[in-house]
Every structure is written in structure tokens, then in C-alpha cells.
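The values are calculated or read from the model by the stated rules, or taken from the named source; none is laboratory data. Quick caveat: nothing in here was measured; it's all calculated off a predicted structure. For neighbour counting, all protein chains shown are included, and Cβ atoms are generated from backbone atoms with ideal geometry for every residue, glycine included. The area values use the complete protein model at the heavy-atom level, side chains included, leaving out ligands, DNA and RNA. Shrake-Rupley method; radii C 1.70, N 1.55, O 1.52, S 1.80 Å.
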Amino acid sequence: MNTGRRNFLKSIGSLTILFSLDHTHTLASLLPADPELPGILQRVPAINAWLEVLASGSVRVFTGKIEMGQGLCTAVAQVAAEELDMEMRQVEVIISETNVTPNEGYTGGGSSTETSVLAVRYAAAAARKELMDLAAQALAVPAEALLMNNGRIAAKQGGRAVSFYELLNGKKLTGEVKLPLTVKRKEDYRLSGKSVKREDFRQMITGQSMYIQDLRFPGMVHARTVRPPGYQSMPGKMDEAALAKQIPGLLKMVVNGGFLGVICTDEYQAVKAQRYLEANTRWDVITPPRSTKALPEQLKELQAQTRTVKTPALPFPEDRVTLKASYSKPYIMHGSIGPSCAIALYHNNELEVWTHGQGAYPARDTLSRLLGIPAASIHVKCVRGAGCFGHNGAEDAAAEAALLAVAYPGKHVRLQWSRAEEHAWEPYGTAMCMELAAVLEPGGRISHFRSDVWSDAHSTHPGGNPELLISANYLARPFIRKPNPVGGGGYRNADAYYNIPNQTVTAHFFTGPLRVSNLRSLGTYANIFALESFMDELAAKAETDPFAFRLMHLEDARAKETLFRLQEKVSRLPKEKNTAIGIAFSRYKNNAAYSAVAAQVTLDPATGKATVKKMWCVADAGEIISPDNAVNQLEGGMIQAASWTLFEEVKFEGGMVTSRDWASYPIIRFSDVPEVEAEIIQRPGEKLCGIGEIVMGVSAGAIGNAVARVSGKRVRDLPIYGTR
Amino acid sequence: MTKPVTLNVNGKKHTLETDPDAPLLYVLRNQLALNGPKYGCGLQQCGACMVLLDGKAEPSCMIPVTAVTNKLIVTLEGLAKADGTLHPVQQAFLDEQAAQCGYCLNGMVISAVALLKAAPNAGEQTIRQGMQRVLCRCGSQARVLRAVKRAVKNKPR
Ligand code: FES
Ligand code: FES
């Protein structure tokens, strides 16, 4: 293991300790776990796949997921330390790495992270049992009479203590995580459910090595890529000699079809080479026909595959419709602040890759097929990057670094994408259109609801398929992209959680003009924006207050409580001129966490500009491991959603993306950031749900509703500050 | 093509061989192995690469290294004391847990340090203006604002 890597391990491994440690829970206080183990534990039941005891007295925990700023490492350390009655700093966490961690596929924001945290909880509980049994033997004391504390086990009555490491004597844990399994009682938690400070914070704030961009290897060389002007273009003849004359540090120019890369000893030389080639390469450009129509019309004209999502008992009575409305959302970027970066080393027919992609194993499988190298000869390590919020350029960069490394063996090749590359080439969150219709009964209740959604795919993660890598499409022997898969997150939350007897939901899947993949909350953002805007429009028709209108269509007590608590926060605010509050509610995926958001918007009568002043959120995501981290996700989610909703739209023309920097694709800055307040309803006895994605759609709905109230203008096509 | 350049970084003089046009950021990261200043855009649009130049927060991603040979350069690494005591601004960020992924933290902290030096009693509007150049994708700005306000309150009097 190299030192760079070791630093990383250290940096994500040591976590803070905030509680004093005289905790004396006994096996007698344990209860049976859930009736079912997470699927991943059924596939990978060996305790030692998840947890290993180190000579230092620490334990090392393996998660197949990655840290994206969502606090995964902290949560994993929290639950492991909880079950094993250790200090959090005695728990080292390793994220997704081939042949090291379990294969947990890709890391999503929704609930997959929580599954991994649960898996570690159960693995740690199983490890506890095995260690206790070993100690009972070693100390000749029944397990019930033993006490576990800080990596040691001793008899309650005093006497000899043994450490975990001594018990195992250098061997691994041998048991399996299986039912019945006893876990700690939630009432006895001393870490889980409490806010702990992230120890990685000190490292971040002092500029220690943390991110993929900070990895440095001896002799490492620097690469840049040169992109075609559009998705489908091939370069003309390349002149390496001319480039070498310009760039003295040029080590190699790699041309493979439309894939163009330069490798230099020095990073700035690589940047210069990139600029030279950008200015001096002639491309055969294939330009798709331009359209003068607005985006929603363009999308609805595309050939689509239709899927019936929900069929009602009674058909939709076209002649009695009370309200119809169409909404749309443009293409939105992930817009990570750190553009994609990767390092690859090809040496003795073995390939090593460092990536901030969302899963090491799927990346390995994709690389294997892309390069024709057996998977067994490829080692992929995930390293932290800047917050990505889904599938961005990370995996593309990893594949490109590998292509370059194979062409230039023996050295670590570091590829850094430019801002323009990240902006123009990442897979966006797709544009969508929503057409809604409803019938209101005389009492003001909705009797029929119809939703038609137009969407491209929401996940095109390669996962073994090189054709989903951007540069693989234009290699000399290209992997040809097929039309995007139908289904996925397009109609997520398109059906209303409200109690409406007759719901018709139809999804229309197209393959659109821009490259797309998953972005935080998938289709929910657009669907909830539309649905919650529509609910306000219907409430107005019914002459009912927006809170009351939603509440009269809800039965679920947890749903109602989020709205009640939100109402408490905003209903007694003093009335201000040119100011209005808008609200929205949803249950994520209609089966996970609940959230209700309010937005306060003021209108400048002189300029007509609407400004979001403040946002409130009440969320119920069941059991919460770290409340402050959950609040952080909610606050950040509201601000990011405000940015999407107010500002963001990927612009393109003739198949070329024209949003290539932060001026042509603005995101929210401090001048427009609202104050935010988030409250969590903690329910330790309820299922753990993901919290990272739940406020995106509700925030958009609340902002839209507030803007409509304060300005009298209903914006149905996002972004709100857009020109359409 | 390269030439020797002397820089004063975090209180130490460094003489190194570099392309004279190379932006300061590349020299700090690759030749001095500093991690604080980050590459975000290379266009002076995002603030990820902020450093203190004679106490003022400036992006380092475009300015040629030869233009800063007469300046005192301080990076994120240079803020804490030798004994590990954090700068009050760093401490305030830590207390408020003001980040998610943390990639923007360098620009946030460097900007806040410069801002509070120029305006020790900065209020909401001044703080927002002072931080305007720094982007954060994770939506940590609300926490950053709280952290900067905390630093204003905690400043030594
Ligand atoms: S990297 Fe310098 S401002 Fe963005
Ligand atoms: S915390 Fe991720 S960019 Fe600011």
C-alpha cells in the first residue's frame, strides 16, 4: 500500500469521540433484530467481509458504498462503535474498493446508503456475539457475565480482560451474519441517534490530503483530454510533431478515433497542449437538426415508449375536468465544484484505477469490457471527490485515464477534466414535462387525477456496459450507444400520495438530445414540483387554504404531523408587504421519508424580481443515525433545490451544449441564498429511510407556490428566472 | 522555458523552477504539494482556488506565478498555529460543521479570513458580499453564514 493511500485511510478512518465511555449494556438488554436482513447480507454474510480486528485495538469496517459528503463514513463508524461498545475513533472505515470491500454496486443517495449502514450494524452485532463467545471460552466465564468495552472484554466481577485482538490471535472472524441476531436496544444507544462532529472536518478545514485531486504518486504524469465540438464528431489528421514543438514536456499524444488525449510531465504543460489542440484540431462535425420550438414541445414530439403506471377503478371523465396544467423542467447539471479526476497505472498487464465514481466493482466491470483486460487484473479504488449528487463525469474520467495509462504504461497517469468538459459532457438530469388534470367534487375533494409524464432515462450508469461511457462512443472501434432504457425514476412520485380514489398515471419515455443519467431525487424533483404546484392551483379552485386542502386529502398520521409542524412554524409569522409563503408536501417514493417545506418569497415591485428569503422543512425519515448530519442534508437540499428552481437550465444548440462555465450556467450565490431551518421528527422505532433526496421536489413546489402568491404569476416551466 | 522563481508561502521562502506563465495554483499544488487551494474552474468563477495575497483573498487559478513573487502568500495550510490550534475562522466552521463534501471549504475559509480582517464587525450583507465569489454545490452556504457570524462574535477583543 502506498503512502498516499495510507493517508487517505487515516483521513477517513479516525473519527472523533464525544462521549465518555462507561457504558455497560449487557446481552440481556438485547432484542431480536428485524425479521429480514438487508439483501446485501444475504449475498455477503461473512462477518469478516464487513469487519476486521486490528492489532492496534481498532476495528476496520468495510463499506461497498462511497462517501459523497453525505456523512456515510461517520454513520458507519457510529453504528459499528455502538454495537461493539467502542469509541468512534477506534473504528476505521474503508470505502468501495475491489477485492477489499463487499460489492455493493453503485452508491445512490436515496436509501442504498442506509442499507449499507444497516448491514454494518448487523455485521458488528454478529461480530460482538462471536467475540463474546470467544471471550467466554478464554476466560472460562459465561458470556452473560462478561462486559465489552473499548475493544476489550472482561468479567463483570473483575479479573482478567482480553482484547479483541488477543482473542482472535491474528485470525479473522469466522462467523456469518444470520438470523436470529441480537442487536443493541435502541433505548441503550449512546452514539446512534446523537449528533457527532465529523472528524474528517478537521482534515478538510486544514487542507490535508482528502480528495482524489490530492493523490500524488512518485513519477506521476499529467493528462488532459480534448473534446470534439459535439457528441458525434471525428478529428481530422493529427500532427504530433507540431504539438511536440509547442510543448516541450509532451510525453505522448493519444489518438483513438475521436478520443484525443495528451500526457505531459507537468500539469500546466498538459493544459497548454490541451489548449493548443483545441485551437488547432479540425473536426468533422455532425450537426443534428436545430429546433426553434420551446424545449417541452421538442420533447413531446420525440418518439416515446409509453408505460401505464397506474390505472384507476373509474376512467378519467374528460368532460368533467376542473383543471388541466402543463409543467416542465429543463436539463440540469450535477455541477460538482471539483471537475472529474482520475488516476490510472498500467503495469505488467495489471491496471490500477483511482476514481471518485460511485462504485469500484461496477467500474471494474466496465473497464474490463472497454479495454479487454480481465477483471481479475483490474483493481479499482474509490476515493473521495467533491459532492456529485449522482452520476457525473467521474466514471468517464476513470475510463479515459485508463485508456491513456494503457497507451503509456508504467506511470501513474492523472487525468483532470476542465470545467468546460464537466459542464458540457457530464450526463445531466433529464428534462421532463408533466401534464396534469383533475376533477374536483362539489365538496372540494379531488375525485380523479391524471398525470402524464415525459422523461428520458434516470440512470445510465455503465455498470459493465462501456457504451454508456462518453468517450467509448467515439473510439476508433466504438461501443455504440443504444436508445436509453425505459423506466427507472421517470415516474417516481408521479402518482399522488394524497387520498384520491381514481388516479391515472402514464409515463412516456424518450431518448432525448442530451446525455442523461441520475441526478439527486431522479424524476421526483419534476413530478413533485408539478403535483404540488397543481395542488395549490386546485386549492384555489376549491377556495381552500393550501394546508387544509392537503390535510383533507391525507390519512397517514406521520404525513399529517409533518404538515402540522410546518404550519406551526409559518402560520403565525407577521404579514409583510410583497411577501408570501408557499408550501409543499411529499412522501419520497410514496413509501419512504416524509417532508413538508415552506418558502417565503418577497417581490421587489420595482424590478419584479422574486427572492426566496427563507425556507423551512419538517422531515420524518424514521430512525436517524446522526441528527445534525440529517439537518445538514436537508438544509443543503433546500439551497440546492432553490438553485435548480430559480436559475438552472442547460442550454444547447444544434447538438452542442453552450453552458460551458459558471457564467453560462449560473448556480445560486450568496446574494440569493435563503435562510434555512430544518426540523426532524425522530422516530427511533421506525425504519431508517434516506434523507438526502427528499426535499428537492418539495422545495421547488414551495418556491413556485410562493412566487405565484406574491406575484400572481404561476411559473409552470422551470427555471423561475428563465427566459421562457 | 522554465525559470527559477522565489515565492513566499506560509511564511517560508521557496525557490523553484517553473514555467513563468504557470498559474499560481498549479505551482502551489504540484510543486509545493499543498492541498488547500483547489482546482474548480480555472476561470476565476468559483473561488475553490482562493489564497491570501498580502492578506486579500484572490483566486490563484489564473494569476501567473511570476506576478506574485513580491507578495506574501498564505494558503489554508498556513492558517492554523504550529501547535495545531485552528484559526478562529477555521474553528467557527468546525463548530458549525459548515460543509458537506468540503471541496469549497478552502475558498470559504480564505474569503472569510480576509473579510473579517477588513471588516471585523461585518454584518449579514457585508458577509454575503465578501463570500459572493465562492460557489458551493452542496448548499452549505447557510452554515457558512452562521460560521462567519460566529467568528465575528468570537473575535478576540
Ligand atoms: S478554480 Fe479558481 S476560481 Fe474556480
Ligand atoms: S460542501 Fe460541497 S461544494 Fe461546498
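Some observations on this one:
- 18 Å Cα-Cα reach of B:LYS56 towards aspartates and glutamates, excluding residues that sit fewer than 8 places from it in its own chain: B:GLU77
- Mean separation of Cα contacts under 8 Å (6+ apart) over length of the stretch A:25-192, as relative contact order %: 34
- Cβ-Cβ FRET estimate between A:LYS569 and B:THR6, R0 fixed at 60 Å, reported to 0.05: 0.55
- Pairs of Cα atoms nearer than 8 Å and 6+ residues apart set the relative contact order; for the stretch B:88-153 it is 53 percent.
- Beta bridges from DSSP with both residues in the stretch A:432-711: antiparallel share about 70 percent, rounded to the nearest 5.
- Solvent-accessible surface ranking, highest first, for A:ARG282, B:ARG128 at 1.4 angstrom: A:ARG282, B:ARG128
- Backbone N atoms of the stretch A:278-301 closer than 19 Å to the 7 Å Cα→Cβ label point of A:ALA242 belong to residues A:278-285.
- Size of the stretch A:25-192 from its Cα atoms: along the principal axes, largest to smallest, the extents are 47, 31, 26 Å.
- Extension gain, A:ARG89 to A:LYS178, is 29.3 nm, computed as 0.36 nm per intervening residue step minus the present C-alpha separation.
- Within chain A, longest stretch clear of exposed GluC sites (Glu not before Pro) (DSSP loop, no more than 12 other Cβ within 10 Å): A:37-542
- A straight chain from A:ARG714 to A:GLU187 at 0.36 nm per residue would run longer than the Cα-Cα distance by 184.9 nm.
- Label-point separation in nm, B:LEU32 to A:THR265, each point 7 Å along Cα→Cβ: 2.3
- Fully extended contour minus Cα-Cα distance, from A:LEU302 to A:ARG275, at 0.36 nm per residue: 6.1 nm
- Candidate residues A:SER377, A:SER336: accessible-area rank, largest first, probe 1.4 Å: A:SER377, A:SER336
- Pairs of alpha carbons in the stretch A:30-106 separated by more than 21 Å make up 28% of all such pairs.
- Cα centroid separation, the stretch A:80-148 to the stretch A:658-691: 31 Å.
- Carbon and sulfur %, accessible surface of the stretch A:25-192 computed with the full protein complex present, 1.4 Å: 52
- Chains A and B together bury roughly 5000 Å² of accessible surface, counting both sides and using a 1.4 Å probe on protein heavy atoms.
- Per DSSP, loop trypsin sites (Lys or Arg not before Pro) in the stretch A:81-173 with at most 16 further Cβ within 10 Å: A:LYS156, A:ARG160, A:LYS171, A:LYS172
- Surface per residue (accessible, 1.4 Å probe) for the stretch A:250-307, Å²: 57
- Cα-based convex hull, the stretch A:288-351, per residue volume (Å³, whole number): 295
- Take each residue of peptide A:329-341, count the partner chain Cβ atoms within 10 Å of its Cβ, and average: the result is 3.
- Within the full protein context, the accessible area of B:LYS3 is estimated at about 90 Å² for a probe radius of 1.4 Å.
- Using a probe of 1.4 Å on the protein chains alone, the accessible area found for A:THR174 is around 120 Å².
- Only beta bridges with both residues in chain A are counted; by DSSP, about 75 percent of them are antiparallel.
- Taking all Cα-Cα distances within chain B, those exceeding 20 Å account for 47%.
- Rounded to the nearest whole angstrom, the semi-axes of the ellipsoid equivalent to the stretch B:88-153, taken from the Cα gyration tensor as √(5λ), stand at 17, 12, 10, largest first.
- For B:LYS149 and A:ILE681, the FRET efficiency from 1/(1 + (r/R0)^6), where r spans their Cβ atoms and R0 equals 25 Å, is about 0.35.
- Cα centroid separation, the stretch B:89-157 to the stretch A:362-402: 35 Å.
- Residue-level accessible surface for A:TYR276, protein heavy atoms, 1.4 Å, Å²: 60
- Net charge, A:ILE247 excluded, C-beta distance under 14 Å - Lys, Arg +1, Asp, Glu -1: -2
- Positive minus negative residues near A:TYR189 (Lys, Arg vs Asp, Glu; Cβ under 12 Å): 0
- Debye intensity ratio I(q)/I(0), log10, the stretch A:432-711, q values 0.08 Å⁻¹ (C-alpha model): -0.36
- The share of alpha-carbon pairs in the protein assembly as shown lying farther apart than 56 Å comes to 10%.
- Qualifying trypsin sites (Lys or Arg not before Pro) for the stretch A:516-615 [loop in DSSP, other Cβ within 10 Å: at most 11]: A:ARG572, A:LYS575, A:LYS577
- 10 Å binning of all Cα-Cα separations within the stretch B:3-78, expressed as whole percents from 0 upward: 22, 62, 17
- Convex hull volume per residue in cubic angstrom - Cα atoms of the stretch A:271-402: 249
- Order of exposure, largest accessible area first, which applies to B:TYR26, A:TYR491 with probe 1.4 Å: A:TYR491, B:TYR26
- Trypsin sites (Lys or Arg not before Pro) restricted to DSSP loop in the stretch A:677-718 with at most 13 other C-beta within 10 Å: A:LYS713
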